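Asks: Before I ask anything, let me first share the structure, which is written out below as structure tokens.
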Amino acid sequence: MDALSGRITLVPVLLVTALLTAACGGGGGGGGGGAPGNAPAREWIIPTTFVANGGPGKDGIPALVEPAFAPISANSAVGPFDLVLAVQTGNQVKVYPQDILDWHEVVNETAEGAPFVLSYCPLTASAVAWRTSATDTDPTFGVSGLLFNSNLLLYDRWTDSYWSQMLQLSVSGSRRMEEPTNIQVIETTFATVESMYPNAVVLTRDTGHARNYDNYPYGNYRSNRDLLFSVERGDNRLHEKARAIGIHNDNQAKVYQLDGFGSSTQTVHDNFDGQPIVVAGNSAESVAVIYSRMLSDGTILQFDPIQSDLPNIMQDTEGNVWDIFGTAQSGPRAGAQLELVKSYSAMWFAWVAHFDTVEVHFN
Amino acid sequence: MTMRSALPLAILASLPLIPLHASAQTCSCASVPLLGSMQPASTEGDEWFFATTYEHHEISDLVAGSSTVPDTTGRIRTATALVMEASRGVTDKWAVSALLSSVEHKRAIGGESIRTSGLGDAILLAKYSPRRISLYSDSALSFGFGARVPLGDDDLARDGVFLSEDLQSSTGANGAIAWTYWAKAMNDSGSAQIYTSASFTANGDNSRNYQFGDEATVSFGGSIQMRSPWGFAADISYRNANRDRRNNFEIPNTGGDWLDLNAGFQYRVSESLGIGFGGTFPLKRNLNDQLQFTTSYAWRASVSYVIGSER
């Protein structure tokens with residue numbers, strides 16, 4: 001019996017010792033620039049409490065690089081009411097179906113020798129495009145796998161700096177505090193962009209990745225009130241997922257509900273952060289844009305909406321006709337460009353989460 | 001058949017070659033494989049049972065619904081666990097078990113890699129076995145119920161940001177476990193058996209309000225102990241997992257249904273000591289929503305030791 005007791009005592013001790021030995025390397029670790037354990041190797045200018053790991057990991061959602069486009073007339077995959085993004089590079093309008101971007105989030109391209117990146121966050125329904133540096137050895141961006149306030153954090157492959165899509169700001173890394181240069185992105189339906197730009201080209205599903213682009217990857221997320229990740233603050237003035245176009249600075253935003261423009265085109269003259277702006281939108285066509293009303297010569301323009309002539313959306317008191325990309329198509333300032341502002345459309349909860357103060361124009 | 005001669009059968013049933021619960025929650029929000037390493041049979045009165053299992057899960061299958069799709073990112077995802085179990089037969093019908101785990105997760109994609117490791121969860125289980133296979137009974141029946149206790153870290157971080165739940169060594173949440181196991185001898189010696197088991201795991205929230213989906217598993221299979229020291233077992237298991245939840249909201253692309261083949265063999269070194277090797281191979285999967293990573297295969301190696309009573 002004594003011998004048996006000795007065996008009984010010894011075996012569990014050996015087992016527990018082995019287990020603890022195996023666990024001794026505990027903690028997070030890794031290569032490729034990661035910091036071991038809980039020691040932060042990065043400095044962030046945003047509260048990391050609301051930086052979340054999305055799950056797939058860095059590049060787990062594959063960004064597209066120089067993807068294939070096809071003439072819009074050849075499209076058979078995108079439905080007329082499907083939401084798309086449109087970017088104008090030179091005389092070419094490129095169209096990006098959101099059902100492809102849901103699965104890739106970042107598209108790296110070069111247009112007229114200049115690289116740019118377009119990003120779309122399916123959790124906040126926000127899209128921006130930034131010029132990237134042609135001098136970088138690798139000017140492309142990837143999906144970091146991290147989210148801030150449930151919104152995409154991109155990373156640049158040249159310096160591994162992290163960029164908040166909605167803040168439009170590098171928030172970690174050697175380019176911290178750097179702001180990108182915007183390119184105007186228009187969000188609308190495929191039918192609207194097809195009617196406006198019949199010579200546009202559309203991002204094809206030939207991405208090199210096996211994804212079912214007909215299916216939305218996040219269930220009924222777009223319509224329910226659920227948030228998948230914690231955010232800094234909430235506000236119930238609007239439905240969490242209501243789409244609104246807005247303008248922002250570092251900590252303030254003003255938004256305009258996309259379904260508040262009505263079935264005819266409207267223009268709204270407003271001021272944001274001391275800057276005169278014009279908001280033009282048409283709910284039926286599911287399109288809205290925001291531009292500065294002040295020209296580089298100091299002139300402040302007054303606009304009236306143009307009906308049923310998209311892409312021309314407004315004209316000013318000087319007789320200039322402006323299209324949705326902010327280019328004067330006719331008039332004394334033909335060819336001029338309205339100054340871009342920091343604007344995009346996004347879900348309501350995301351505006352509130354990212355900015356301390358959010359004013360709503362259409363409530 | 002004396003109790004002593006029945007011991008090898010107990011070892012065979014006890015060796016964790018066949019998961020009691022093919023539990024690798026290895027969807028995109030994986031947890032740690034754990035309950036799968038626990039022995040299904042109960043320990044007899046005054047017996048001690050010890051087992052050490054090393055489990056390796058390859059989590060490389062990218063699945064859309066029930067279809068496997070190629071993963072063009074070339075990523076590597078593995079989870080391994082060292083699981084140690086000690087069981088003590090309190091009476092002939094009641095036993096208690098404790099299980100400790102150490103878990104390691106690895107992820108690599110492109111030039112990036114990350115490895116996490118640490119103590120995982122523990123399981124404390126009470127087992128009630130009203131019937132055992134013996135000279136007087138050709139069937140066995142056991143029930144178990146207990147708790148999963150998060151001993152390890154669920155707040156591992158990198159670059160100051162918490163890693164996702166599938167990279168934590170512990171779920172960080174308490175849980176409740178219930179299972180049942182039934183076996184029937186198919187010959188006089190009891191060396192051939194068929195068995196079935198069912199289990200249910202209810203999971204709580206961790207400190208970040210993340211909850212792994214509750215799981216239910218049913219399996220059916222058979223085992224045979226040769227006249228030689230070799231024994232073999234195989235079963236088919238069905239597992240259903242609910243979607244994970246965060247802040248009580250369901251997380252898309254988690255949970256689903258799995259049908260797996262589990263097979264293994266064991267070698268009886270002595271009447272008390274056995275070693276074994278087994279694997280899990282997916283037969284069919286139907287996973288929730290659009291895209292999930294899940295287990296391609298798993299293998300496990302075990303050593304078990306029984307210290308019997310001098311009756």
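The values are calculated or read from the model by the stated rules, or taken from the named source; none is laboratory data. Just so you know, these numbers come straight off a predicted model, no measurement behind them. All Cβ positions, even for glycine, are placed from backbone atoms using ideal geometry, and neighbour counts span all protein chains on display.
Asks: For segment A:112-164, give me each residue that is without any contact (Cβ under 8 Å) to a residue 40 or more places away in the chain, buried (at least 24 other Cβ atoms within 10 Å of the Cβ) and farther than 16 Å from A:Ile100 by Cα.
Replies: Selection gives A:Asp156, A:Trp163.
Asks: If you don't mind, there's one more thing I want to ask. Looking at this structure, is B:Leu283 surrounded by fewer than 16 Cβ atoms within 10 Å (Cβ to Cβ) and in contact with a Phe, Trp or Tyr (Cβ under 8 Å, 6 or more places away or on another chain)?
Replies: Working: surrounded by fewer than 16 Cβ atoms within 10 Å (Cβ to Cβ): yes; in contact with a Phe, Trp or Tyr (Cβ under 8 Å, 6 or more places away or on another chain): no.
Spelling it out, it is not the case that B:Leu283 is surrounded by fewer than 16 Cβ atoms within 10 Å (Cβ to Cβ) and in contact with a Phe, Trp or Tyr (Cβ under 8 Å, 6 or more places away or on another chain).
For (1) in contact (Cβ under 8 Å) with a residue 60 or more places away in the chain; (2) basic (Lys, Arg); (3) more than 14 Å from chain A (Cβ to nearest Cβ), each residue gets a yes or a no:
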site	(1), (2), (3)
B:Glu165	yes, no, no
B:Ser169	yes, no, no
B:Ala173	no, no, yes
B:Ile177	yes, no, yes
B:Tyr195	yes, no, yes
B:Ala198	no, no, yes
B:Ala202	no, no, yes
B:Ala216	no, no, yes
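Asks: Out of everything in segment A:134-182 that is among the β-branched types (Val, Ile, Thr) and assigned to a strand (DSSP E or B), what residue ends up being farthest from B:Glu165 (Cα to Cα)? First the steps, then the outcome.
Replies: The initial filter retains those residues of segment A:134-182 that are among the β-branched types (Val, Ile, Thr), namely A:135, A:137, A:140, A:143, A:159, A:171, A:181.
If we keep only those that are assigned to a strand (DSSP E or B) as well, we get A:143, A:171, A:181.
Working: A:Val143: 19, A:Val171: 24, A:Thr181: 35 Å.
My answer is A:Thr181.
Asks: Something else about it: Give me the strands (runs of 3 or more DSSP E) completely within segment A:1-100, filtered to those with at least 3 residues that are at pLDDT below 90 and either more than 7 Å from chain B (Cβ to nearest Cβ) or farther than 30 Å from A:Asp323 by Cβ (or both), ordered by residue number. Working first, answer last.
Replies: On the way: elements: A:27-31, A:51-53, A:69-71, A:83-89, A:92-97.
The qualifying strands (runs of 3 or more DSSP E) are A:27-31.
Asks: Another question about this same structure. When segment A:97-111 is examined, which residues are found to be in contact (Cβ under 8 Å) with a residue 40 or more places away in the chain and closer than 26 Å to A:Gly335 by Cβ?
Replies: Matches in segment A:97-111: A:Glu109, A:Thr110.
For (1) surrounded by 24 or more Cβ atoms within 10 Å (Cβ to Cβ); (2) at the interface with chain A (Cβ under 7 Å from one of its Cβ atoms); (3) touching an Asp or Glu at 6+ places or on another chain (Cβ under 9 Å), each residue gets a yes or a no:
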{"site": "B:Asp71", "(1), (2), (3)": "no, no, yes"}
{"site": "B:Ile76", "(1), (2), (3)": "no, no, yes"}
{"site": "B:Thr80", "(1), (2), (3)": "no, no, yes"}
{"site": "B:Ala95", "(1), (2), (3)": "yes, no, yes"}
{"site": "B:Ser102", "(1), (2), (3)": "yes, yes, no"}
{"site": "B:Gly110", "(1), (2), (3)": "no, yes, yes"}
{"site": "B:Ser113", "(1), (2), (3)": "no, yes, no"}
{"site": "B:Asp121", "(1), (2), (3)": "yes, no, no"}
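Asks: For segment B:63-156, which fully contained strands (runs of 3 or more DSSP E) count at least 2 residues that are in contact (Cβ under 8 Å) with a residue 12 or more places away in the chain? Can you show your working first?
Replies: Details: elements: B:67-69, B:76-89, B:94-109, B:112-119, B:121-131, B:139-150.
Once the strands (runs of 3 or more DSSP E) in segment B:63-156 are filtered for at least 2 residues that are in contact (Cβ under 8 Å) with a residue 12 or more places away in the chain, what remains is B:76-89, B:94-109, B:112-119, B:121-131, B:139-150.
Asks: Mind counting the residues in segment A:321-334 that are more than 28 Å from the chain's Cα centre (by Cα) and part of a loop (DSSP other than H, G, I, E, B)?
Replies: 4
Asks: Within 14 Å of chain A (Cβ to nearest Cβ) and either farther than 24 Å from B:Gln292 by Cα or touching a Leu at 6+ places or on another chain (Cβ under 6 Å) (or both): is that true of B:Leu156 in this structure?
Replies: Details: within 14 Å of chain A (Cβ to nearest Cβ): yes; either farther than 24 Å from B:Gln292 by Cα or touching a Leu at 6+ places or on another chain (Cβ under 6 Å) (or both): yes.
The answer is yes for B:Leu156.
Asks: Another question about this same structure. Filter segment B:60-69 for residues that are buried (at least 18 other Cβ atoms within 10 Å of the Cβ) and within 12 Å of another protein chain (Cβ to nearest Cβ) and give the result.
Replies: B:Leu62, B:Val63, B:Ala64 - these are the residues of segment B:60-69 that are buried (at least 18 other Cβ atoms within 10 Å of the Cβ) and within 12 Å of another protein chain (Cβ to nearest Cβ).
Asks: Those residues that are farther than 21 Å from A:Ser286 by Cβ and of a type in the set (Ser, Thr, Tyr), I need them from segment A:317-363; list them, please.
Replies: If the condition is that a residue be farther than 21 Å from A:Ser286 by Cβ and of a type in the set (Ser, Thr, Tyr), then A:Thr317, A:Ser330, A:Thr357 are the ones that fit.
Asks: When you scan segment A:183-194, do you find a residue that is without any contact (Cβ under 8 Å) to a residue 60 or more places away in the chain and outside any strand (DSSP E or B), even just one? It would help to see each step written out before you state the result.
Replies: At the first step, the residues of segment A:183-194 found to be without any contact (Cβ under 8 Å) to a residue 60 or more places away in the chain are none.
No, that holds for no residue.
Asks: Output the residues belonging to segment A:311-320 that are assigned to a loop (DSSP other than H, G, I, E, B) and of a type outside the set (S, T, N, Q).
Replies: A:Pro311, A:Glu318, A:Gly319
Asks: Quickly run through segment A:230-273 and pick out the residues that are more than 20 Å from A:Ile46 (Cα to Cα), among the small types (Gly, Ala, Ser) and over 18 Å from the mean Cα position of the chain (by Cα).
Replies: A:Gly260, A:Gly262, A:Ser263, A:Ser264 - these are the residues of segment A:230-273 that are more than 20 Å from A:Ile46 (Cα to Cα), among the small types (Gly, Ala, Ser) and over 18 Å from the mean Cα position of the chain (by Cα).
Asks: While we're on this one: For B:Ala147, state whether it is away from chain A (no Cβ under 13 Å) and farther than 21 Å from B:Trp48 by Cβ. Full working, then the answer.
Replies: On the way: away from chain A (no Cβ under 13 Å): yes; farther than 21 Å from B:Trp48 by Cβ: yes.
Yes, satisfied.
Asks: When you check A:Val84 against the structure, is it under 23 Å from A:Tyr218 (Cβ atoms) and under 14 Å from the mean Cα position of the chain (by Cα), yes or no?
Replies: Criteria met by A:Val84.
Asks: Can you tell me which residue is surrounded by the most Cβ atoms within 10 Å (Cβ to Cβ) among those in segment B:228-251 that are within 14 Å of chain A (Cβ to nearest Cβ) and without any contact (Cβ under 8 Å) to a residue 24 or more places away in the chain? Give the steps one after another, and end with the answer.
Replies: Of all residues in segment B:228-251, those within 14 Å of chain A (Cβ to nearest Cβ) come to B:242-251.
With the extra rule that they be without any contact (Cβ under 8 Å) to a residue 24 or more places away in the chain, the set shrinks to B:249-250.
Working: B:Phe249: 17, B:Glu250: 21.
This residue is B:Glu250.
Asks: I'd like to verify a number: residues in segment B:157-202 that are in a strand (DSSP E or B), within 30 Å of A:Ile46 (Cβ to Cβ) and within 17 Å of the chain's Cα centre (by Cα), how many?
Replies: Pass one, segment B:157-202, residues in a strand (DSSP E or B): B:157-158, B:161-162, B:175-185, B:192-202.
From what's left, within 30 Å of A:Ile46 (Cβ to Cβ): B:157-158, B:161-162.
Narrowing further to those that are within 17 Å of the chain's Cα centre (by Cα): none.
Selection size over segment B:157-202: 0.
Results for (1) in contact with a helix residue (DSSP H, G or I) (Cβ under 7 Å, 6 or more places away or on another chain); (2) among the charged types (D, E, K, R); (3) away from chain B (no Cβ under 14 Å), shown as yes or no for each residue.
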site: A:Arg225; (1), (2), (3): no, yes, no
site: A:Ser230; (1), (2), (3): yes, no, no
site: A:Glu240; (1), (2), (3): yes, yes, no
site: A:Arg243; (1), (2), (3): yes, yes, yes
site: A:Gly246; (1), (2), (3): yes, no, yes
site: A:Asn251; (1), (2), (3): no, no, yes
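Asks: Are any residues in segment B:126-145 polar (S, T, N, Q), surrounded by 15 or more Cβ atoms within 10 Å (Cβ to Cβ) and more than 20 Å from the chain's Cα centre (by Cα), and if so, which ones? Lay out the reasoning, then the answer.
Replies: If we filter segment B:126-145 for residues that are polar (S, T, N, Q), which is where we start, we get B:129, B:134, B:137, B:139, B:142.
So of that shortlist, the ones also surrounded by 15 or more Cβ atoms within 10 Å (Cβ to Cβ) come out as B:129, B:134, B:139, B:142.
Within segment B:126-145, B:Ser134, B:Ser139 meet the criteria.
Asks: Checking A:Asn212 against (1) surrounded by fewer than 21 Cβ atoms within 10 Å (Cβ to Cβ); (2) touching a His at 6+ places or on another chain (Cβ under 7 Å), which test does it fail?
Replies: With (1) surrounded by fewer than 21 Cβ atoms within 10 Å (Cβ to Cβ); (2) touching a His at 6+ places or on another chain (Cβ under 7 Å) applied to A:Asn212, the lone miss is (2).
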